[in-house]
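Contents: one structure, followed by commentary.
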Amino acid sequence: MLQLDNIQVQQGSFTLSADISFPSGVTALLGPSGAGKSTLLNVIAGFVPLQRGAVRWQDKAITDLLPAQRPVAMLFQDNNLFAHLTVAQNLALALTRKTPTEAQRAQMAAALRRVDLEGLENRKPAALSGGQQSRVALARVLLQARPLMLLDEPFAALGPALKREMLDLVADVARETGMMVLMVSHDPEDAQRISAHASVVADGTVSPPAPTDALLRTPPPALARYLGAS
């Protein structure tokens with residue numbers, strides 16, 4: 001379980017507070033642009049410091065851990081692949097800074113098979129489609145083998161059909177591995193597709209997770225305004 005224990009983060013005049021726990025499975029973070037959804041992910045990942053409170057994973061505080069020491073893997077909007085490296089070299093960085101061992105190469109090959117990219121090991125990102133780049137980034141998350149995955153709208157630039165395909169792949173991976181997922185989304189259909197629960201980030205706070213369908217049927221005022229609901 002992920003807990004945000006009375007946290008507060010401040011960036012200039014912007015303040016975000018939360019005192020909640022997230023369940024296992026996939027939870028969507030919904031709300032207007034600029035409300036702090038990405039900031040919240042960056043707090044959990046360790047890229048943004050807290051003014052107060054603690055981030056806890058399985059009842060243990062991880063607030064003072066460096067990003068690399070946290071049980072977190074993160075998918076960014078730009079996939080964060082190194083353009084000068086091949087697919088295999090990008091994946092190897094999840095395992096080692098040296099030449100991969102035979103066992104590590106086998107792990108990489110298995111991850112590529114899982115995301116349907118077998119045979120593309122020697123291509124560079126520029127030679128891949130947007131969807132293929134997203135799959136490489138997801139394969140790297142699999143290799144990191146962290147129990148918590150944070151998605152900062154990594155599929156926003158993809159077309160509708162390909163985005164749905166990637167969301168379904170994330171959901172499958174989460175089920176297979178038991179990985180917990182927090183997903184920033186501006187699209188309620190994406191949240192309904194794979195998220196059992198959703199939280200609203202708005203007006204400087206984060207609401208407790210609620211069943212996604214119920215939340216969208218009867219949205220709180222801040223979410224209703226964002227969705228344009230009457």
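The values are calculated or read from the model by the stated rules, or taken from the named source; none is laboratory data. All of these numbers come straight from a predicted model, not from anything done at the bench. A quick note on method: Cβ atoms are made from the backbone with ideal geometry, for glycine too, and the neighbour counts reach across all protein chains shown. The protein model used for the area step is the full one, side chains on, heavy atoms only, and it has no ligands, DNA or RNA in it. Shrake-Rupley method; radii C 1.70, N 1.55, O 1.52, S 1.80 Å.
Structural descriptor for the stretch 132-230: relative contact order 21 percent, calculated from alpha carbon pairs under 8 angstrom and at least 6 residues apart.
For the chain, what is the percent of antiparallel DSSP beta bridges, rounded to the nearest 5? If I count the DSSP bridges inside the chain, around 50 percent turn out antiparallel. Over the chain, DSSP H runs of length four or greater, each weighted -39,500 (n - 2.57), average out per residue to a 222 nm ellipticity of -10500 deg cm²/dmol. Bridgeable lysines around Lys37 (alpha carbons under 24 Å apart, same-chain partners fewer than 8 residues away excluded): Lys60, Lys163. Evaluated at q = 0.12, 0.18 Å⁻¹, the base-10 log of the normalised Debye intensity for the chain, with identical point scatterers placed on the Cα atoms, takes the values -0.67, -1.35.
Under the criterion of Cα pairs below 8 Å and six or more residues apart, the relative contact order for the chain equals 30 percent. A viscosity of 1.567 mPa s and a temperature of 4 °C, combined with the Kirkwood radius over Cα pairs in Stokes-Einstein, give a translational diffusion coefficient for the stretch 73-176 of 95 µm²/s.
When you restrict to C-alpha pairs under 8 Å that are six or more residues apart and normalise by the size of the stretch 30-81, the relative contact order lands at 26 percent.
Under the rule a/c < 1.5 gives rounded, and otherwise a/b versus b/c splits prolate from oblate, where does the stretch 1-78 land using the Cα gyration tensor? Note, shape of the stretch 1-78 comes out rounded. Distance from the alpha carbon centroid of the stretch 66-96 to that of the stretch 120-138 works out to 13 angstrom.
The order of Phe155, Phe76 by accessible area, most exposed first and with a 1.4 Å probe, is Phe76, Phe155.
3J(HN,Hα) along the stretch 177-182: 9, x, 5, 8, 10, 10 Hz, from the Karplus curve 6.51 cos²θ - 1.76 cosθ + 1.60 with θ = phi - 60°, whole Hz, x for Gly and Pro.
Taken as Cα centroids, the stretch 24-56 and the stretch 154-230 sit 14 Å apart, rounded to the nearest whole angstrom. Look at the dipole of the chain built from charges on Cβ: of Pro211, Gln144, Ser199, the Cα furthest out on the positive end belongs to Gln144.
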